Every structure is written in C-alpha cells, then in structure tokens.
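*Asks:* My questions will all concern the structure given below.
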Ligand code: NDP
C-alpha cells in the first residue's frame, strides 16, 4: 500500500514515500482495519521521527525483547486518523465495514500516514457526522491527551509540577498572576489564566474540562474547582492545602485525626456522587521518586527554578523573602 515511512531516525530527509508498504492484517479478533481518509500531525510525530521514546515503544511492541533493535522499521508515523472501516475481526460487533470513524493511534502502533491502519476496536469511535475527514483528523490525539489544571503555578510546587506534568505528555493549564505568565509558559504551560484579572473560575469555565486538578492555593478554590473536572471519567482534584495539621494542633492528635477523617470522608462521598474524586495530597519523602526526578532532570525535561539564593549568614533574610509570598520558583540557602 502507499505510505510515508522512515527506515531510521533523523531529520526530515528520513521520510520516504513508498507504494509497497506492507498491508496491515488483523491479528486479533477485536481489531479493525481502517481506510485512511485524513491523517493529523502532532509535535510527537516530529519527536518520534528523531527517535523520541524509541526504547519505551520497543518494549511496548515486544515486551519479551525478542526482536533486534531497529525491527520497528519501516515505521509509519501519524497519530490521528479519520476514515472508513474496511474489515472487522470476528469479535467486533460495534462497527461494520463502511462505518465512518476516527481515532487517536497509540504511539507504539503503525500510524496513519498510509492507505490503511489496523487498530483495536476500542481505540476507534464513530466520527461526528458534521465534520469532514480533514476536520475530524485534527481532533482525536489532542482530545485524548490528559488535561491538567494547576492552581497556583508560579510557586515552588507549581513550577516543578508544570514541568513534570508536561514531561508526562499532558496539556497543562495554569493559574497565576499576570507577571508570572512568562515564567510558567517557559516551563511548558499551554494555557495561562491570570487570577488577578477577575473571577478566575469564570475564565476557567470557558476552557475544556480537566482530568486532574492540582490545587496549591486552597480555601475558596474548593467551592468551584471540582465543577471543572470531567464527570464520570476518573477525574481527580488533589489539594495540598489541607486542615490536617491545623486540626491536630488545635484538637490534639487523636481528636484532630478523627476530625480530619470525618472531613475528608464527607468530601470524598459528596464529590463521588457527582462522578469526581476528591483527595488531599501530602509531602511524602521517597528516594525512588527522587530517582525518577533525577532521570527527568538529566534528560533535560525538568529544571530547577531558583528565584533567589542567600548565603548562610542571610538565613533570616531568606525567611523574610519566603514569608512575603509571591514566590517565582524557589528560595535556597548556599551553606558552603
Ligand atoms: P509558594 O509560596 O512557593 O507559591 C505559591 C504561589 O501561588 C506564589 O507564586 C503566588 O504568587 C501564587 N498565588 C497566590 N495566590 C494565588 C491564587 N489565588 N491563584 C494562583 N496563584 C496564586 O508555595 P508552594 O508552591 O511551595 O506551596 C503551595 C501550597 O501547598 C502552600 O500552601 C503549601 O503550604 C502547600 N504544600 C502542602 C504540602 C503538603 O504536604 N500537603 C507540600 C507542599 C506544599 P502570587 O501571590 O504573586 O500570585
């Protein structure tokens, strides 16, 4: 079949057109073959052309590592497809040949820059009738990407969280003051909402709903933030600003813990009825987690955001700085 393939990783010259790419075949009864009418391109195609994620994809395609390295070639890129069902595996009841469909193709599978592509039926959906194929091919991959909202993106937690969530491939929306927009965009934020420019919830309601909200602000935010989650989709709100320590300081350990248990229990149940998950997040020291961060830092995916460095003699000034609030990253003390 006609297809654009690559035979090695590199720049644009590795793209090769062929009329003789192998026709995909159905290996499993839940698979369908789609005739491609339009293919969408995404930044991940450019990255994958250069070899991005090659090791992980190889493991996904061949978990027992039986194949030689390079066995993925000729590789077909293209993660979005809009087209028509040509053939269905024996277990496929929901689709029939001729159905107009669209899909986001997992990155370890052959892509859509070809005449045909084989997919699992559960990766495919009926295309909106109102969209032409070229329009439909612009949506699935970006729509399937997790959407994360970080409330308070300019401080210590936020500046690291933006980078980590971005490295995991999510679409990130951040709230911060207007003068922090440049910083959070440089760290990877896709959408930025200025909370000083009016009711932040009104601005956020105009965006698509979120899969995950990380709340570094607390207080009033809880009243509206959970309505921004996709209901009945496993979507989660995690707040770092909890009354846990305040309760144990005020009521003593046993009563404080009991009070916290009742509070969190009621909130979890209340929001579960609306199809979203409510959680408290806590600092949890962990060497293995730091190992993951080390990998991300060494891979250039996460960088420290140092706002100000104080000398050992200036510890009181460092405290004053942090106490003033309005952090833009972290304050650090250089001891030697
Ligand atoms: P920082 O002080 O470093 O950052 C807070 C940031 O939020 C600042 O950049 C501030 O900038 C911004 N901000 C303030 N008000 C708003 C608002 N309404 N909307 C959006 N942004 C706002 O704090 P951290 O990032 O270190 O921590 C965040 C919170 O999480 C703190 O309350 C902290 O105590 C808590 N925390 C809890 C943990 C736990 O274990 N549960 C662990 C770590 C942190 P500006 O005012 O200029 O807009």
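Readers should treat all values here as calculations from the given coordinates under stated rules, not as data from a laboratory. The structure displayed is predicted, hence computed values, not measured ones. Cβ placement follows ideal geometry from the backbone for every residue including glycine, while neighbour counts extend to all protein chains displayed.
*Asks:* Could you compute the FRET efficiency for residue 334 and residue 93, with r as their C-beta to C-beta distance and R0 at 51 Å, rounded to 0.05?
*Replies:* Here the calculated transfer efficiency is 0.20.
*Asks:* Calculate log10 I(q)/I(0) of the chain for q = 0.11, 0.12 Å⁻¹, where I(q) comes from the Debye formula with a single equal point scatterer on each Cα and nothing for solvent.
*Replies:* Results for the chain at q = 0.11, 0.12 Å⁻¹ read -0.91, -1.03.
*Asks:* Note the angle between two axes, namely the Cα long axis of helix 156-167 and the longest principal axis of the Cα atoms of the chain, as a number of degrees from 0 to 90, rounded to the nearest 10.
*Replies:* Orientation of helix 156-167: about 10 degrees from the principal axis.
*Asks:* List the relative contact order of the chain as a percent without decimals, with contacts defined as Cα pairs under 8 Å and 6+ residues apart.
*Replies:* 13 percent
*Asks:* Expressed in nm to one decimal, what extension gain is obtained for the pair residue 168 and residue 186 from 0.36 nm per residue of sequence separation less their Cα-Cα distance?
*Replies:* 4.8 nm
*Asks:* Using a Förster distance of 51 Å, how high is the FRET efficiency between residue 309 and residue 134, based on the Cβ-Cβ distance and rounded to 0.05?
*Replies:* Between residue 309 and residue 134 the formula returns 0.45.
*Asks:* Let me ask another. Using Cβ counts within 10 Å as a stand-in for footprinting exposure, how do 44, 213 rank, fewest first? Show your work: numbers first, answer last.
*Replies:* Working: 44 16, 213 23.
Result, fewest neighbours first: 44, 213.
*Asks:* Which value results when the Cα radius of gyration for segment 281-336 is divided by 2.2 N^0.38 Å?
*Replies:* Normalised Rg, Cα atoms only: 1.38.
*Asks:* What does a probe at residue 220 reach in segment 175-202, counting residues whose amide N is under 18 Å from the point 7 Å along Cα→Cβ?
*Replies:* 175-178, 193-202
*Asks:* While we're here: I want to make sure I understand the PRE zone here: with the label point 7 angstrom from the Cα of residue 61 toward its beta carbon, which residues in segment 99-135 have backbone N atoms less than 11 Å away?
*Replies:* Of the residues in segment 99-135, 108-111 have backbone N under 11 Å from the label point off residue 61.
*Asks:* If segment 126-200 were replaced by its equivalent ellipsoid, with semi-axes equal to the square roots of 5 times the Cα gyration tensor eigenvalues, what would those be, largest first, whole Å?
*Replies:* Working: eigenvalues 172, 43, 17 Å².
Here the semi-axes work out to 29, 15, 9 Å.
*Asks:* Given the C-alpha centroids of segment 131-161 and segment 229-280, what is the distance between them in whole angstrom?
*Replies:* For segment 131-161 versus segment 229-280, the Cα centre distance is 26 Å.
*Asks:* Here's another thing I want to ask about it. Going by C-beta contacts inside 10 Å, put 310, 116, 283 in order with the fewest on the left.
*Replies:* So the residues, fewest neighbours to most, are 283, 310, 116.
*Asks:* Note the full-extension length gain between residue 324 and residue 241 as 0.36 nm times their separation in residues minus their Cα-Cα distance, in nm to one decimal.
*Replies:* Length difference between fully extended and current span is 28.1 nm.
*Asks:* Could you calculate the contour length gain from residue 17 to residue 290, that is, 0.36 nm times the residue separation minus the distance between their Cα atoms, to one decimal place in nm?
*Replies:* Fully extending the segment from residue 17 to residue 290 adds 93.9 nm.
*Asks:* Right, here's the next one. With runs of 4+ DSSP H residues as the only contributors, calculate the mean residue ellipticity of the chain at 222 nm using -39,500 (n - 2.57) per run, divided by the residue total and rounded to the nearest 500.
*Replies:* Computed ellipticity for the chain at 222 nm equals -8500 deg cm²/dmol.
*Asks:* If you don't mind, there's one more thing I want to ask. Kindly identify segment 1-88 as rounded, prolate or oblate by the Cα gyration tensor criterion: order the square roots of the eigenvalues as a ≥ b ≥ c, call it rounded if a/c is under 1.5, otherwise compare a/b with b/c, prolate if a/b is larger, else oblate.
*Replies:* oblate
*Asks:* What percentages, rounded to whole numbers, describe P(r) for segment 159-268 computed over all alpha carbon pairs with 10 Å bin width beginning at zero?
*Replies:* P(r) for segment 159-268, in whole percents per bin: 13, 38, 30, 17, 2.
*Asks:* Now for a separate question. Rounded to the nearest 0.05, what FRET efficiency is calculated for residue 272 and residue 207 with R0 set to 30 Å and r the Cβ-Cβ distance? Working shown, then result.
*Replies:* Working: r = 24 Å, r/R0 = 0.80.
Approximately 0.80, to the nearest 0.05.
*Asks:* Quick one: work out the % antiparallel among DSSP beta bridges in the chain, nearest 5. Intermediate results must be reported in sequence, preceding the final value.
*Replies:* Working: 27 of 54 bridges.
So the antiparallel bridges amount to about 50 percent of the total.
*Asks:* Over all alpha-carbon pairs of segment 1-159, lay out the pair-distance distribution in 5 Å bins, whole %, shortest bin first.
*Replies:* 2, 9, 17, 19, 19, 15, 9, 5, 3, 2, 0
*Asks:* To make sure I understand, if each residue's beta carbon is the centre and we count other beta carbons within 10 Å, what order do 27, 171 fall in, fewest to most? Walk me through the numbers before you get to the answer.
*Replies:* Numbers: 27 9, 171 19.
Fewest to most other Cβ atoms nearby, the residues stand as 27, 171.
*Asks:* I'd like the distance between the alpha-carbon centres of segment 296-310 and segment 62-88, rounded to an integer number of Å.
*Replies:* Centre-to-centre distance over Cα atoms comes out at 36 Å.
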